[in-house]
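Note sheet for the following structure.
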Amino acid sequence: MPEDAAAPRRRALGGPGVVLVVVYGVLALAATGRSVLQITEYFDRAPLAYLLSAFAAVVYIIATVSLALGGRWVRVGVVACTIELVGVLVVGAASYVVPEAFPDKTVWSHFGAGYGYVPLVLPVLGLWWFRRVDRAAHEPAGDATVTS
C-alpha cells in the first residue's frame, strides 16, 4: 500500500500508538542512561546484569522506532517486543534465584520493579498494538476506523 493511502489508517490508529511510542522512548532513554552509567562506573560489580541492561536499552530503541514507523517495521517490532517480554521474564526470575548476580537494579531485574513494573506490562501492550495495526492494515480501505 502506498504511503499516501496508509495515512488515514495511521490517523485512525493514532492515540494509543502515540502514547506507546512516548513511553517506549522514555524507557529507552532511561535504560540507556542507567546501563551506560552502570557499565562505565560499576562494571566489575555485576557485568552480566549491566550488559543485559544495555541489551534491553537497544531492544527498547528498536521497539520505539518500529512503533513510530509502522509499515514494514511491524515485524521487527513484534520480534523486539517478544524479546523484551522473554527478557523481562527470564532476567526477572534470575534476579530472584541468583540475587548476587543482580546487586543493583536494572531495567529487567525483579520484573522491572525499579521502573514501576512498566517493563513487564509494556511488551504485552506493544504486541497488542502491533496486532491491532496489522489487522487494520489488512482491512478494506473503507473500514480503516478502529474502535476500542
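About its Cα centre, how strong a charge dipole does the stretch 36-117 have in debye, to the nearest 20, once Lys and Arg get +1 and Asp and Glu get -1 at the Cβ?
360 debye
Figure the gain on full extension for Val79 and Ala137 (residue separation times 0.36 nm, minus the Cα-Cα span) and round it to one decimal in nm.
19.0 nm
Test of understanding: express the Cα radius of gyration of the stretch 18-102 as a ratio to 2.2 N^0.38 Å, with N the residue count.
1.16
Every read-out reported here was derived from the displayed coordinates using simple, explicitly stated rules and does not represent laboratory data. Note that this is a predicted model, so its numbers are computed, not measured. As a convention, Cβ positions derive from the backbone with ideal geometry for all residues, glycine included, and neighbour counts pool all protein chains shown.
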